[in-house]
Amino acid sequence: MLTRVAVAGVHGHGATHVQNVLRLPDRARLVAIADPRPPADLPSGVEVFDSLDKLLTATIVDVVVISTPIQTHVPLAAMALRAGADVLLEKPPTASLAEFEQLSAVIAETGRACQVGFQAQASEATLHLAKIMAEGKLGEIRGISAVGKWLRTARYFDRAPWAGRRTLNGVAVVDGAVTNPLAHSTAAALLLDGSTGVDDIRSVETELFRANGIESDDTSTVRITTTRGTPIVVAVTLCATEHLDPTVIVHGSEGRAVLHYSTDTLELHQGSCMTSKTLERTDLLSNLLDHRADPAVPLYCPFDATGGFTRVVEAIRLAPEPVVIPEALVRWEGEGPDRHPVVADVEQWIDRAADELALFSEVGAPWA
Ligand SMILES: NC(=O)c1ccc[n+]([C@@H]2O[C@H](COP(=O)([O-])OP(=O)(O)OC[C@H]3O[C@@H](n4cnc5c(N)ncnc54)[C@H](O)[C@@H]3O)[C@@H](O)[C@H]2O)c1
C-alpha cells in the first residue's frame, strides 16, 4: 500500500520535497500540503490547507515532511507525531536545547520516527570517510575543519521575515551561517568524529561576525571540542567573492581527506598521492519509508543524532550578538536584490583557520 505523505511548507526548499514525493509513485502518494501561501499548481487530488493543524484534522497521513521556518519546527513536528505520523523534519531541527529536549520527549511518548534533513549524513562519501577514519587509515586525527565560502545576496535575506534573525517575536530562530545555511558542515564533522549525541560535546567557542544588515552571523569561526578530545573548527562565510562547494576536511597524521558533501565527492591526500571519487547518496524520505516498512532498517539521521549539533546551536543562541565587520573591510557588489557584501580576503582567513584549527582572532583576521 502506498504511504500517504503530506508536506508542510511548499515554497523555498519545500518545493524540492514536493517533487521528491512525486518522484516515488510506487511507494508514496502526496495526499495533502499545508502552507499559509497556497501553491500555484499541484497535481490533481492533492488537498491544500493553510495550516498543518487543519490538514491533520481533515486527512489521515502516514508521513509529514516539514520544511517550514526554523521557529515553527517543534510545534509542527510535535503536532504531526501526536497525530500518529512519522516525520521528516528539515534542519536545523530545533533552535534551542530546550526545544530539542521537548521534541525528544514527544518522540519517546508517541513512539514515532523522526528523521532530520541532514542529507549529507546519508551520503556514501561521508559514511566511507567515517569508516576509514575508524579503521585508522588516516592515522591519528588531529582535528576536523568545516569550510564554507558562500555568497548570499539581499534576495536571500529578504525572502522571509525569519531570514537572518536570532529571534522573531521573542522566539528563538538562530538563523546564522553556522546553524542554518552551512549547518550540514557542522553536522557532517560531528558524524565523522562519532560525536552526534547530545552528551558528546565538551565545549563550543564562538566568534560570530556579520557584514550584512542582519541580526545573525554571516562570517564566523566556531571551535567545538568533542568529549573524544577532537577539535572541530567551523570556518564559514556568506560574504565570499564567489559561491564555492562547502567542504569538511579531516586532518590525520597519515593523510588528509576532503569531503565535498554537496556533490558526495571524497578526496584522499596521502603523501604525494591524491585520489578522488564521487559516490551515491540515499534519499532521506526513501530511507524513512524503508524504516517504516522494517524498523530494523536504521534511519540515517534520527532526531537523537542531532543532539551534538543542537549543542552548537545552543552555544550560538546564547553567544553575544555578532560583531559588525568594519566597513573598510567590506566591499559591496551588485544592485537591488543582487546586492551583497564581500569581506576582504575572507577566503584566505577561512583557509588559515581551517588549516590551523584556529579561530579568526587566533589567525589574526583583521575584523577579529
Ligand atoms: N536540507 C537542505 O539542504 C535545506 C536547504 C534549504 C532549506 N532547508 C530548510 O528548510 C526549511 C525551510 O527553509 P526555506 O528556505 O525554504 O524557507 P522559506 O521561508 O523560504 O519557505 C518556508 C515555507 O514554509 C511556509 N510556512 C511558513 N510557516 C508555515 C506554517 N506554520 N505551516 C506551514 N507552512 C509554513 C512558507 O509559506 C514557505 O512556503 C528551513 O528549516 C531550512 O533550514 C534545508
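Couple of notes before you dig in:
- Rounded percent of accessible protein surface that carbon and sulfur make up, the chain, 1.4 Å probe: 51
- One quarter of the surface of the convex hull around the alpha-carbon atoms of segment 84-219 equals 10.5 nm², the direction-averaged projected area.
- Percent breakdown of C-alpha pair distances by 5 Å bin, ordered from the shortest bin, for segment 326-368: 5, 24, 23, 18, 14, 9, 6, 1
- Look at the alpha carbon pairs under 8 Å that are at least 6 residues apart: their mean separation over the length of segment 1-130 gives a relative contact order of 20 percent.
- A Förster distance of 51 Å, applied to the separation of the beta-carbon atoms of THR167 and ALA40, puts the FRET efficiency at 0.95.
- The chain: calculated mean residue ellipticity at 222 nm from DSSP helix runs of at least 4, using -39500 (n - 2.57): -8000 deg cm²/dmol
- With protein chains left intact and a 1.4 Å probe, residues in the chain average 41 Å² of accessible area per residue.
- Pairwise centroid distance, computed over Cα atoms, of segment 50-80 with segment 156-231, Å: 25
- Relative packing of peptides 315-321, 99-105, 83-89 - highest average C-beta neighbours within 10 Å first: 83-89, 99-105, 315-321
- Alpha carbon centroid spacing (whole Å) that separates segment 97-153 from segment 286-355: 13
- Three semi-axes of the equivalent ellipsoid, segment 3-119, Cα gyration tensor, whole Å, largest first: 22, 15, 13
- Span per principal axis, largest first, for the Cα atoms of the chain (Å): 58, 49, 34
- Here the scattering of segment 301-349 is modelled by Debye summation over its C-alpha atoms, one equal scatterer each and no solvent; at q = 0.17, 0.25, 0.28 Å⁻¹ the log10 of I(q)/I(0) is -0.78, -0.91, -0.99.
- The relative contact order of the chain comes to 18 percent, based on Cα pairs under 8 Å that sit 6 or more residues apart.
The values are calculated or read from the model by the stated rules, or taken from the named source; none is laboratory data. These figures come from a predicted structure and were not determined experimentally. Note that each Cβ is placed from the backbone with ideal geometry, even for glycine, and that neighbours are counted across all protein chains shown. Note: areas computed on protein heavy atoms with side chains; ligands, DNA, RNA excluded. Shrake-Rupley method; radii C 1.70, N 1.55, O 1.52, S 1.80 Å.
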